[in-house]
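Structure record follows, encoded as structure tokens.
The values are calculated or read from the model by the stated rules, or taken from the named source; none is laboratory data. If you're wondering where the values come from, they're calculated on a predicted model, not measured in any experiment. Cβ atoms come from the backbone with ideal geometry, glycine included; neighbour counts cover every protein chain shown. Just so you know, the surface numbers come from the protein's heavy atoms only, side chains and all, with ligands and any DNA or RNA stripped out. Shrake-Rupley method; radii C 1.70, N 1.55, O 1.52, S 1.80 Å.
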Amino acid sequence: MKKLLIVIGILWGATGYAQKFEGLALTPPMGWNSWNKFGCNVSETLIKEIADAMVSSGMKEAGYEYVIIDDCWQVGRDADGNIIPDPERFPLGMKAVADYVHSLGLKFGIYSDAGTKTCQRRPGSRGYEFQDARTYALWGVDYVKYDWCNTTTQDAQASYQLMRDAIHKAGRPMVFSLCDWGWSKPWLWAKDVGHLWRATDDIMDCWDCEDDRNNAGFTILLDRVADIYSYSGPGHWNDPDMLEVGNSGLTVSESRAHFSLWCILAAPLIAGNDLRNMSEETLEILTNKEVIAVDQDSLGKSGIRVRDDGDLEVWVKQLADGSRAVVLFNRSLTPENISVSWTELGYPSYLKAAVRDLWQHQDLGKFTGSFTAEVPPHDAVMIRVTP
Ligand code: GLA
């Protein structure tokens, strides 16, 4: 009997142990991350105020859950190799921050890097994977974003598997968010490693700007993820990067289009604006429950671009109840009529179907064969079509 147990133990160790926490992120994670708006300017005060605002603004009620501190919270390691949070910015340590976030019924996320240093040259987790994961578990971390700077010749698959194993060993369920910017095509291998993976370089706060490191505005990132829709599903999502809604670079129409498209993609909805200070329009976009329901639909299918007529596009997402969400997207600078035909939705053209406008919160009536809307410049119309 004892020998049998030893053999089982060895086999378990050799084969069965390595795994990610299952049952997490069955719909795309929703939350907030400090990077897009605050960069390195993170602190306990900021995180607590943002967590408060997530509750008081109605964001929590709309489904936002994770409060995530990105780069720059860490300053060094102690003699035993334990990671040290910036003592001036986080005077009570990270557990106190996590406890506060948890006390509001929210979840807490943190950032590290697979290399020797993070992108802002803070200590990375290379060589400290198990120790860091154990520390995160002690603090009560629920979500780990794991970046890819300063990794030199490291292998992405091996590096992310190592941290996955470390998190699993630490024993606390944590969503594992891979951030190698799509360089290793994680959609091809990371389904059993993480719960979401960045598929692009960084989002920029603009419509279609681009820098020399491939960071770009949301319309460009959209094109880069358009063909990998089939790799997204419950527990494993393509991540076209965080939201810029509510920052200064997009108009209200552009923000509505950005949010509509991220929801049709079943993208993680990680807000990146100052939740303490939101305009009515920003809040209305970020908390539109009918649009969020498309993102969070239990079928977990990413939408598909079924038509690309230059500046005019049609995106379709299949939903669990058999209905379809549709985004009519106008990239041009003039108002344009955009149509979607039922055959593009996978329905017969004789079918009569109800159309509801998800931004106007209005039933538009029953239509047979197709639907057409006038879409303002740099904007999107989002509808749900139910047979
Ligand atoms: C990389 C990531 C960003 C952010 C920064 C922080 O660029 O892609 O999302 O985490 O690092 O330094």
The set of residues whose placed amide H lies less than 5 Å from the amide H of residue 306, leaving out same-chain residues fewer than 5 positions away, is 314, 315, 316
Using the basic label-point model (7 angstrom from Cα toward the beta carbon), what is the residue 26 to residue 183 distance in nanometres?
3.5
For the pair residue 48/residue 214, report the inter-label distance in nm, with labels modelled 7 Å from Cα in the Cβ direction.
4.1
Report the relative contact order of the chain, percent, no decimals, based on alpha-carbon pairs under 8 angstrom and at least 6 residues apart.
14
Mean-square fluctuation maximum in Gaussian network of the chain, Cα pairs under 10 Å, restricted to 143, 128, 66, hits 128
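May I ask you to rank 334, 282 by accessible area, largest first, using a 1.4 Å probe over the protein chains only?
Heavy-atom accessible area, descending, gives 334, 282.
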Over region 304-386, average the accessible area per residue using a 1.4 Å probe and give it in Å², no decimals.
44
For region 66-75, 3J(HN,Hα) per residue [Karplus equation, 6.51 cos²θ - 1.76 cosθ + 1.60, θ = phi - 60°, Hz, x = Gly/Pro]
8, 9, 10, 8, 8, 4, 5, 7, 10, 10
Long-range amide H partners of residue 299, meaning residues 5 or more apart or on another chain whose placed amide H is closer than 5 Å, are 320
Mind giving me the FRET efficiency for residue 298 and residue 224? R0 is 30 Å, r the Cβ-Cβ distance, nearest 0.05 is fine.
0.65
Take the alpha-carbon centre of region 53-117, take the same for region 237-287, and report the distance between them in whole Å.
22
Counting only helical runs of four or more DSSP H residues, what would the 222 nm mean residue ellipticity of the chain come to if each run contributes -39,500 (n - 2.57) and the total is spread over all its residues?
-7500 deg cm²/dmol
Residue 158 paired with residue 277, simple spin-label distance in nm, labels 7 Å along Cα-to-beta-carbon:
4.7
Pairs over 29 Å Cα to Cα, from 48/317; 48/145; 107/191, come to 48/317
Are there cysteines in the chain with no other Cys C-beta under 4.7 Å, and if so, which?
179, 263
With all protein chains modelled, accessible area of residue 331 [1.4 Å, Å²]
40
Coordinate range along principal axes, alpha carbons of the chain, Å, largest first
67, 54, 41
Which residue, 276, 198, 256, tops the fluctuation ranking in a GNM of the chain built on C-alpha contacts under 10 Å?
276
Ordered by residue, what ³J(HN,Hα) values in Hz, to whole numbers, does region 345-358 give under the Karplus form 6.51 cos²θ - 1.76 cosθ + 1.60, where θ = phi - 60° and Gly and Pro are x?
8, x, 10, x, 6, 7, 5, 9, 9, 7, 10, 10, 8, 7
Running a GNM on the chain with Cα contacts under 10 Å, which residue among 113, 208, 239 ends up with the highest mean-square fluctuation?
208
Expressed as a whole percentage, what fraction of the accessible surface of the chain belongs to carbon and sulfur atoms when a 1.4 Å probe is rolled over the protein heavy atoms?
51
Region 26-295 accessible area per residue, 1.4 Å probe, protein heavy atoms, integer Å², reads 36
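Rounded to the nearest 0.05, what FRET efficiency do residue 79 and residue 130 have when you use their Cβ-Cβ distance and R0 = 25 Å? List each step's numbers first, then the result.
Details: r = 18 Å, r/R0 = 0.71.
With R0 = 25 Å, the Cβ-Cβ based efficiency is 0.90.
Evaluate E = 1/(1 + (r/R0)^6) for residue 352 and residue 309, where r is the Cβ-Cβ distance and R0 equals 30 Å; express this FRET efficiency to the nearest 0.05.
0.70
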At 0.36 nm per residue, minus the direct Cα-Cα distance, what do residue 192 and residue 370 gain on full extension? Give it in nm, one decimal, please.
60.1 nm
Tally the DSSP beta bridges in region 26-295 and give the antiparallel ones as a percent, rounded to 5.
20
